Structure formats: structure tokens, C-alpha cells
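A quick write-up on the structure given underneath.
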Amino acid sequence: MLSYRISTRYYRTQTARHLLWMLGLVIAVVISIYYLFQASAVADFLVPALGVAACSAYFIKLFQHVRHGRSAYPEIELDNQAKTLTLVQGDNRIKVDISHILDLRLKYRSYHLEQIQMTTQEGEVLRLEGYDELEDLGAELELLTPSHNVKRSKIRIR
């Protein structure tokens, strides 16, 4: 059984992005509260109140993600004999039978595998990125998945 964990570089990058978003959300909440106190008509209360509510909810979500640290990202276990992919996060385990994968997309950037996207028969989409040894995981999944279900593509910078 092969095990894959989130890479340190990806974890640090995502944490930095979350912290920057949180700073921006705090600024948006402060500006919304300022406009909330400046409102004179009932209609003027609507946009700042929605801004405070939406930004606060997203801030709480990001805060929880940062607080959980590495445990916020699932560990991947690949069993070649049973042909199953298991996502482990704390006590939760989600098993995906590789034979149920309808579409396996390997997305490359500069000849390096950046992302693996799988679509199951149930219509669930699973996207894996930022894991150590992602190239090895992609190669193993490519061997276990029927070749007509595997697609390779390049990620384009927009």
C-alpha cells in the first residue's frame, strides 16, 4: 500500500494565501461596518449587512482551515492489489474503487504533473494537487485505470 501526504511547499503556499484572504476579508468587514453606520435609509443597510455576513462566514471557514493545519488535508492511500484509493482524514476514510473511475485527467504544467482529476460513476469529482510524489501517484493511477479513460492535458496560464 502506497501512502501520499501533502507537500510542505504546497501547505505553506496555501496557508499564506488563506492568511492574505483573511486580511482582505477583515478589511472588507471594516469597510462594510463603516458604510453600515453611515447608512441613512433602510435600503442603504442591505449591501453592507450582506458584506459583513458573507465576509465573516468565509473568514470563519478560512480560520478553521488554517487552525487545523496539515490535518485539514487528507492523506491518500493507494492499494494496487485491491485497486482502491482511500482518502484518510482523521477518523474518516473514503474508499474509491479505481474500476469506478470514468475519467482520469492528468494535468501537466512544464512537463510536471500539477493536478489529478478523477470523475467516478456516481458523478463525484476528486481533484488531487499539492501532494508529495504526485508524479508517482499519477503513474500508478494511470496503470490501474483503463487507457480509454485516461486523458493528459496541459494547464494553461490565463
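Readers should treat all values here as calculations from the given coordinates under stated rules, not as data from a laboratory. Everything numeric in this text was worked out from a predicted model, so none of it was measured. Cβ coordinates were reconstructed from backbone atoms using ideal geometry, including for glycine residues, and neighbour counts include every protein chain displayed.
What are the membrane-span-like helices in the chain by this rule: whole DSSP H runs, Cα extent along the axis at least 30 Å, mean Kyte-Doolittle hydropathy at least -0.5? Walk me through the numbers before you get to the answer.
Working: long enough: 8-38 (45 Å, 0.65); 43-68 (39 Å, 0.87).
The answer, listed by residue number, is 8-38, 43-68.
Just from its helices, what would the mean residue ellipticity at 222 nm be for the chain, if runs of 4 or more DSSP H residues each count -39500 (n - 2.57) and the sum is divided by every residue, rounded to the nearest 500 deg cm²/dmol? Intermediate results must be reported in sequence, preceding the final value.
Working: 3 runs with 68 residues, N = 158.
When only DSSP H runs of four or more count, the value is -15000 deg cm²/dmol.
Comparing LEU126, LEU78, LEU113 in a Gaussian network model of the chain (Cα springs below 10 Å), the most mobile by mean-square fluctuation is LEU126.
Cross-link partners for LYS154 among the lysines, with Cα-Cα distance under 23 Å and sequence neighbours closer than 8 places in the same chain left out: LYS107.
Remind me, relative contact order of the chain in percent, using alpha carbon pairs under 8 angstrom and six or more residues apart?
Numbers: 205 pairs, mean separation 35.0, N = 158.
Over the chain, the number comes to 22 percent.
For the chain, the equivalent ellipsoid derived from the Cα gyration tensor has semi-axes of 40, 17, 16 Å, listed largest first. Only Lys, Arg, Asp and Glu carry charge here, each on its Cβ (+1 for the first two, -1 for the last two); on that basis the chain has a dipole of about 580 debye about its Cα centre.
Ignoring aspartates and glutamates fewer than eight residues from LYS83 along the same chain, the ones with Cα atoms less than 12 angstrom from its Cα are ASP97, GLU140, GLU142.
So for region 8-71, Kirkwood radius off the Cα pairs, Stokes-Einstein at 20 °C and 1.002 mPa s: how many µm² s⁻¹? Spell out each step's value before the answer.
On the way: Rh = 12.9 Å.
Rounded to a whole number, D works out at 167 µm²/s.
Largest first, the extents of the alpha carbon coordinates of region 97-158 on the three principal axes equal 30, 25, 20 Å.
Among ILE101, ALA139, PHE37, which residue has its Cα furthest toward the positive end of the charge dipole of the chain, with +1 on Lys/Arg Cβ and -1 on Asp/Glu Cβ? Farthest along the dipole direction, towards plus: PHE37. With the convex hull of the Cα atoms taken as the outline of region 60-116, the averaged projected area works out to 5.9 nm².
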